[in-house]
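Contents: one structure, followed by commentary.
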Amino acid sequence: MTKTTRESLFTFAYIAVGLVAVISVGYLSGPRRFFHFPRPMLPFLVIGLTGALTYAAVQMRGAALAILMIVILFLAQVAMTPPIRPNSLAGAAIYALPIGFSLLAAAYVQKVLERFKFGRFAVMGVIVAAGYALMMLIFLLWSRVYVSFGTVANQAFLGLKLGAAMGLGFELIDLIGPRPKRKPRVSLPPA
């Protein structure tokens, strides 16, 4: 099997697991209203897709492609909040940056801790929870609304569940077999 085929299979597996994880968490969090489209189902799907692609990019390609996933998260958030105004752009940035960078940080921590075959999902959950808590705190401060610990804690708990569920799925995929390793760039000696 070629390296490209193996990378593609792992990426599709990460996407499938990420989507199943966020759908499961979303459904268990609010079973009666979860399947109402576009809200609340669509944001969960976007997070699952972005988280899976970020994880795959960090594991197999590197940071440049993973940062592109944060841009995609921002654009998806802008698309979900029409009409586009400066406030909606700022709101999309407040959402995408803390959560996107927490997904990126969680993917790197997963990579650093890969010698531990199981249990890394808990760390991913904590990091994504911090991103969700930061996002809600910034949003409440930006909106000049009373900052309630309960509101921030609810978002952090949602992030914990989403991050842990995606991390568990990614760990299970990684247990299937070794994913393709990224080859270091070799520079040629001067002539």
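The values are calculated or read from the model by the stated rules, or taken from the named source; none is laboratory data. Because the structure is a prediction, the values reported are computed rather than measured. For neighbour counting, all protein chains shown are included, and Cβ atoms are generated from backbone atoms with ideal geometry for every residue, glycine included. The accessibility values were calculated without ligands, DNA or RNA, using every heavy atom of the protein model including side chains. Shrake-Rupley method; radii C 1.70, N 1.55, O 1.52, S 1.80 Å.
Which of the residues spanning the stretch 66-100 are open to solvent by 40 Å² or more (accessible area, probe 1.4 Å) and small (Gly, Ala, Ser)?
The one that is open to solvent by 40 Å² or more (accessible area, probe 1.4 Å) and small (Gly, Ala, Ser): ALA79.
Could you give me the residue pairs with C-beta distances under 6 Å whose first residue belongs to the stretch 145-174 and is farther than 17 Å from LEU49 by Cβ, whose second residue is of a type in the set (Asp, Glu) wherever it lies, and which are 6+ apart or on separate chains?
Close Cβ pairs satisfying both conditions: none exist.
For the stretch 39-59, enumerate the residues that are open to solvent by less than 70 Å² (accessible area, probe 1.4 Å) and part of a loop (DSSP other than H, G, I, E, B). Give the derivation first.
From the stretch 39-59, those open to solvent by less than 70 Å² (accessible area, probe 1.4 Å) are 40-48, 50-59; that's our starting set.
PRO40 - this is the single residue of the stretch 39-59 that is open to solvent by less than 70 Å² (accessible area, probe 1.4 Å) and part of a loop (DSSP other than H, G, I, E, B).
Which condition number in (1) within 23 Å of ILE99 (Cβ to Cβ); (2) outside any helix (DSSP H, G or I); (3) not acidic (Asp, Glu) is the one that VAL25 fails?
For VAL25, the failing item is (2).
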